Amino acid sequence: DLPNTITLANITYNTDAHTNIPPSLTPYLSRTLHLHRHHPISNTRKTIESLFPTTQYEIYNTLPPVVTVAQNFDCLGFPSDHVGRSRSDTYYVNRHQVLRTHTSAHQAEKFRAMQSGGREGEEGAGKMGYLISADVYRRDAIDRSHYPVFHQMEGARLFSRSHPSAKTIEEQVEEELQGMKVEGVEVVESCAIHEEGNGVQVEKGHSVSEAEAVAKHLKRQLEMVVSKIFYQAAGTAATSEEKVKVRWVSAYFPFTSPSYELEVWWNGEWLEVLGCGVIKQDLLNYAGQGDKIGWAFGVGIERIAMLMYGIPDIRLFWSNDERFSGQFREGAVKKFEAFSKYPGCYKDVAFWVPSSERGSAAGGLTVGEGTGGEGFHENDFMELVRGVGGDLVEDVKLIDEFTHPKSGRKSMCYRINYRSLERTLTNEEVDGLQERVRSTLTDKLGVELR
Ligand code: PHE
């Protein structure tokens, strides 16, 4: 019953057994919230962009969301068995194309575009850095901070080993750092390369001191971003009295080494703000930038916007309600004033999970293709609930799970919390939604309701 083609943002693609994009997702591909003047996603993007000089960084904000598997995974060095590639985590247009799961999908092509020789005037040519903001797509849980579509900003910066005045990477970095002062940020853990010990290595072909210089530039640049964002969020100036505490934590990404996460102490806990690292040399070589060394970072714009404006629920960004959109102005940060919270209502649904054979026969919704395992994937359930309830579903939680001691069958019970951001839902409406969740579950996932 799968159509032969799928049309996404006005382009038609062939489908195949990999296709798993539900019709309910397609309208999001044309929303481009990051480009809507005054929208908090756009305002946040612009705030971050303002910290990167346009003479050095090319800005790309209109790259289309359908990319190849090669762009999204292969050329970034994702291992062939990486979970990110599975159909339970990623939206496939067909076996060769996906909705990008991160803005890093554009790294290689934009590094390539930096080459200036004979390409003068072309976007990106001659610049040593870029910023990319775009919508990204992931199959995931349903709650106040997860949505199948969100926005990321990617940044990257290269340094040349064949600098016109023969400056070393270290010298180039030191020179630039003079002009990059950060106010009001205290780094409590720096994760310096020479302290990192056995686990973390410098890329082959990079000297420790070169990699250290690049990492230092990266960290300084991102600490500037944090200073700007968090003082705006707190509504105070970056005075020296109470500093924003940050720490650099060692991380893993297939395309950077060393890799870090930046965490900020916020409301009494360490909040993970972004991922970044020194770009692996293979990727730069592949993009025709073998004589360069550099860094990249990726940040989730919703997360930053939520804390800057005090927005409590990620669904709000998609709301067309004037009471939401009317509150924001470019260039000004005023905390979001919640309009009254409407009553919510929860419904539980319990079912027996099908054995793996039946699961993979059920509409091809499972990971499939030799991964074996169970015939039920939570993200399939999440998507089904979204397909029925849309933004009326606030969150979905697993509240019980057990395996029958005799039959060995597995039972799951989920609680679906229904709440509208805009009005009070009627009982009949919620009952109707829950009834549709139940029948779709049997039809599409082949589960047996209890
Ligand atoms: N793309 C990574 C993610 O989505 C973030 C990242 C970007 C990490 C660039 C390192 C460098 O999680």
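Structure values in brief
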quantity	calculated
Vicinal HN-Hα couplings computed from phi for the range 376-390 (Karplus, 6.51 cos²θ - 1.76 cosθ + 1.60; Hz; Gly/Pro x)	9, 10, 3, 5, 5, 5, 4, 5, 4, 5, 4, x, 7, x, x
Integer Hz, Karplus 6.51/-1.76/1.60 couplings in order for the range 215-231, x for Gly and Pro	5, 5, 4, 4, 5, 4, 4, 6, 5, 5, 4, 4, 4, 4, 5, 6, 6
Residue 209/residue 272 FRET efficiency (R0 25 Å; Cβ-Cβ; nearest 0.05)	0.30
The chain, relative contact order [Cα under 8 Å, separation at least 6], %	15
Net charge of Cβ neighbours under 10 Å - reference residue 148; Lys, Arg +1; Asp, Glu -1	+1
Listed residue (54, 114, 70) projecting farthest to the positive dipole end of the range 47-199, Cβ model	70
Sites residue 201 and residue 237 - FRET efficiency at Förster radius 35 Å, r taken between beta-carbons, to 0.05	0.30
Amide proton proximity set for residue 93, modelled H, under 5 Å, gap of 5+	98, 99
Linear extension gain, residue 355 paired with residue 166, 0.36 nm per residue minus alpha-carbon span	61.6 nm
Equivalent-ellipsoid semi-axes of the chain, from the Cα gyration tensor, Å, largest first	40, 27, 21
Local net charge near residue 414, Cβ-Cβ under 14 Å (Lys/Arg +1, Asp/Glu -1)	-2
Simple Cβ-charge dipole of the range 154-296, Lys/Arg +1 and Asp/Glu -1, about Cα centre, in debye nearest 20	320
Candidates per GluC sites (Glu not before Pro) in the range 376-407, loop by DSSP, up to 16 other Cβ within 10 Å	none
Under 20 Å from residue 292, Cα to Cα: lysines that are on another chain or at least 8 residues apart	110, 127, 167, 204, 216, 219, 280
Neighbour net charge for residue 315 - beta-carbon separation under 9 angstrom, K R +1, D E -1	-2
On Cα atoms only, tilt of 427-440 relative to the major axis of the chain in degrees	90
Simple Cβ-charge dipole of the chain, Lys/Arg +1 and Asp/Glu -1, about Cα centre, in debye nearest 20	540
Extension gain, residue 2 back to residue 321 (0.36 nm per residue minus Cα-Cα distance, nm)	111.4 nm
Proximal aspartates and glutamates to residue 245, defined as alpha-carbon separation beneath 18 angstrom and excluding residues fewer than eight positions away on the same chain	183, 186, 189, 223, 261, 263, 269, 272
Sites residue 282 and residue 96 - FRET efficiency at Förster radius 25 Å, r taken between beta-carbons, to 0.05	0.70
Low-density loop cleavage sites - GluC sites (Glu not before Pro) in the range 210-244, where at most 14 other Cβ are within 10 Å (DSSP)	241, 242
Degrees, to the nearest 10: 40-49 long Cα axis against longest axis of the chain	20
Gain upon complete extension [residue 62, residue 265; 0.36 nm per residue less C-alpha separation]	69.8 nm
Inter-label distance for residue 252 and residue 176, nm, one decimal - labels placed 7 Å from Cα along Cα-to-Cβ	2.9
Shape call, the range 237-362: gyration tensor on alpha carbons, a/c limit 1.5	oblate
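Readers should treat all values here as calculations from the given coordinates under stated rules, not as data from a laboratory. All of these numbers come straight from a predicted model, not from anything done at the bench. So basically every Cβ, Gly included, is an ideal-geometry build from the backbone, and we count neighbours across all protein chains shown.
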